[in-house]
Every structure is written in C-alpha cells, then in structure tokens.
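Colleague: The structure follows.
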Amino acid sequence: MSNFDELLENNKRFAATDFKDHLPEIPFLPNRQVYVLTCIDPRVDPAAVLGLRLGDAIVARTVGGRANPSFLDDLAWISYLHETLTPDADWFEIAVIHHTDCGSALMADDKLNHDFTQRGFEEEMLRATAVTDPAVTVSGRLTLVVPPSSRDR
Ligand SMILES: [Zn+2]
C-alpha cells in the first residue's frame with residue numbers, strides 16, 4: 001500500500017461528510033475573505049497554524065512564501081474575476097507569511113547556491129528568494145515561529 005492508497009481512502013471518507021454545507025458559494029470569495037501566501041514547508045500548513053477551515057481562504061504556497069511570478073499571475077486572475085463578476089463584494093485581505101527555520105534559507109548557502117546554478121538557475125534569484133530572517137522579509141504581524149525540526153535537535 002502506497003501513501004496514495006491511504007490518501008484516496010481519506011478522500012472517500014471526506015467526500016461522505018457534510019463539507020459542502022460550509023463552502024463559499026463563489027470559489028474566489030472565500031468565507032473569511034483572506035488570500036494567504038506562505039511557504040511550502042509542511043510545518044506551516046495554514047489550516048493548522050492559522051485555524052483556517054475548508055473554504056475560509058485562498059491559499060498559495062511557494063518556496064519561502066515568496067511572491068513569485070506564478071503567484072502574481074494567479075493573484076491578478078483572482079482580482080480580475082472579483083472585479084468583473086462580483087464588484088459589490090468585499091475585497092479580500094492578503095496575508096504574506098514567512099517563518100523561522102525556513103528551508104529556503106539554504107538558497108543563500110554558497111555551495112548549494114553555486115551547484116544549483118549549474119542547472120540553469122540564477123544565483124541572485126536564489127539569494128533573493130532565501131528567507132533567512134522572516135522579521136525582515138515580511139515585517140509585521142504574520143511571521144510564524146516554527147519549532148526546530150527533529151533533525152536540528
Ligand atoms: Zn519555509
């Protein structure tokens with residue numbers, strides 16, 4: 001049995017619940033009118049760390065929680081839909097969340113950075129993506145503190 005088998009079983013159980021009763025009527029107008037951008041790190045799942053429930057927020061996840069071109073394209077699309085199809089609805093707030101102990105900081109490691117550029121990536125882009133201090137990369141209210149992973153203990 002692979003991990004996917006278990007995930008598919010979990011999805012079957014989920015599909016049998018009353019989840020549909022809690023979803024927003026319009027998918028780009030989430031229940032809490034929040035658009036979250038955060039890191040792909042599995043320790044900063046917005047549902048767990050912010051208490052969001054299904055349908056509460058639009059969630060985008062990138063390495064480091066950086067607003068990369070793909071994120072900006074998606075944000076432009078959602079904003080366009082909102083402006084065009086639901087102009088009288090409240091606008092969403094955007095929460096950009098960076099966190100402590102972010103793996104993206106490894107992009108600033110000289111050796112890893114240099115070796116990865118051999119695969120066609122740009123050194124400065126990698127260094128600019130690294131979140132080495134979330135209090136600096138997003139000054140403000142939503143810097144999450146993540147406990148060190150077991151490998152660091
Ligand atoms: Zn991270």
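Read-outs: derived from the displayed coordinates by stated rules, not from any lab. Because the structure is predicted, anything quoted here is derived from the model rather than measured. FYI the Cβ positions are ideal-geometry reconstructions off the backbone, even for glycines, and counts take in every protein chain you see.
Colleague: Express the relative contact order of the range 27-143 as a whole percentage, based on alpha carbon pairs under 8 Å and six or more residues apart in sequence.
Modeller: 28 percent
Colleague: Between Ile40 and residues 5 or more places away or on another chain, which pairs have amide H atoms under 5 Å apart, with H built 1.01 Å from N, and which residues are they?
Modeller: Those qualifying (amide H under 5 Å, at least 5 residues apart or on another chain) are Thr62, Val63, Gly64, Gly65.
Colleague: Placing +1 on the Cβ of each Lys and Arg and -1 on the Cβ of each Asp and Glu in the chain, which of His99, Ala128, His114 has its Cα farthest towards the positive end of the resulting dipole?
Modeller: Of His99, Ala128, His114, it is His99.
Colleague: Ranked from highest to lowest mean number of other Cβ atoms within 10 Å per residue, what is the order of the peptides 17-23, 42-48?
Modeller: Packing proxy ranking, top to bottom: 42-48, 17-23.
Colleague: Compute the angle between helix 3-15 and the longest alpha-carbon principal axis of the chain, please, reported from 0 to 90 degrees and rounded to the nearest 10.
Modeller: Tilt relative to the chain: about 30 degrees.
Colleague: Indicate the gyration tensor shape class of the range 55-102 (rounded, prolate or oblate), computed on the Cα atoms with a ≥ b ≥ c the square roots of the eigenvalues: a/c under 1.5 is rounded; otherwise a/b larger than b/c is prolate and the rest oblate.
Modeller: prolate
Colleague: What share of the DSSP beta bridges in the chain is antiparallel, in percent to the nearest 5?
Modeller: Antiparallel bridges make up about 0 percent of those DSSP assigns within the chain.
Colleague: Let me ask something else. How would you order 81-93, 57-69 from highest to lowest mean count of nearby Cβ atoms within 10 Å?
Modeller: Answer by packing, highest mean first, reads 57-69, 81-93.
Colleague: Right, next: Residue by residue through the range 111-126, which ³J(HN,Hα) values in whole Hz follow from phi under the Karplus form 6.51 cos²θ - 1.76 cosθ + 1.60 (θ = phi - 60°), with glycine and proline marked x?
Modeller: 5, 4, 4, 4, 5, 6, 5, 5, 9, x, 8, 8, 4, 5, 5, 5
Colleague: While we're on this one: By average Cβ neighbour count within 10 Å, what is the ranking of 104-114, 4-14 from highest down?
Modeller: 104-114, 4-14
Colleague: What dipole magnitude, in Debye to the nearest 20, does the chain give about its Cα centre under +1 on Lys/Arg Cβ and -1 on Asp/Glu Cβ?
Modeller: Here the chain has a charge dipole of around 360 debye.
Colleague: Here's another thing I want to ask about it. Could you work out how far the C-alpha centroid of the range 84-124 sits from that of the range 17-33, in angstrom?
Modeller: Each part reduced to its Cα centre gives a spacing of 27 Å.
Colleague: Skipping prolines and chain starts, which residues have an amide H placed within reach, meaning under 5 Å, of the one on Val96, given they are 5 or more residues away or on another chain?
Modeller: So Val96 has HN proximity to Leu37.
Colleague: In the calculated pair distance distribution of the chain, what percentage of Cα-Cα distances lie above 24 Å?
Modeller: So the portion of pairs separated by more than 24 Å is 47 percent.
Colleague: Then there is this: Projected onto the charge dipole of the range 27-143 (+1 at Lys/Arg Cβ, -1 at Asp/Glu Cβ, origin at the Cα centre), which of Ala47, Thr86, Ala60 gives the Cα projection farthest towards the positive end?
Modeller: Going by the charge dipole, the pick is Ala47.
Colleague: Assign one of three labels to the range 1-81, namely rounded, prolate or oblate, based on the Cα gyration tensor with a ≥ b ≥ c the square roots of its eigenvalues; rounded applies when a/c is under 1.5, prolate when it is not and a/b is larger than b/c, and oblate otherwise.
Modeller: Verdict is oblate for the range 1-81.
Colleague: In deg cm²/dmol, rounded to 500, what helix-only [θ] at 222 nm does the chain give when every DSSP H run of at least 4 residues adds -39500 (n - 2.57) and the total is split over its residues?
Modeller: Per the formula, -10000 deg cm²/dmol.
Colleague: Please give the charge dipole size of the range 35-115, origin at the Cα centre, charges +1 on K and R Cβ atoms and -1 on D and E Cβ atoms. Round to the nearest 20 debye.
Modeller: So the dipole magnitude of the range 35-115 works out to roughly 180 debye.
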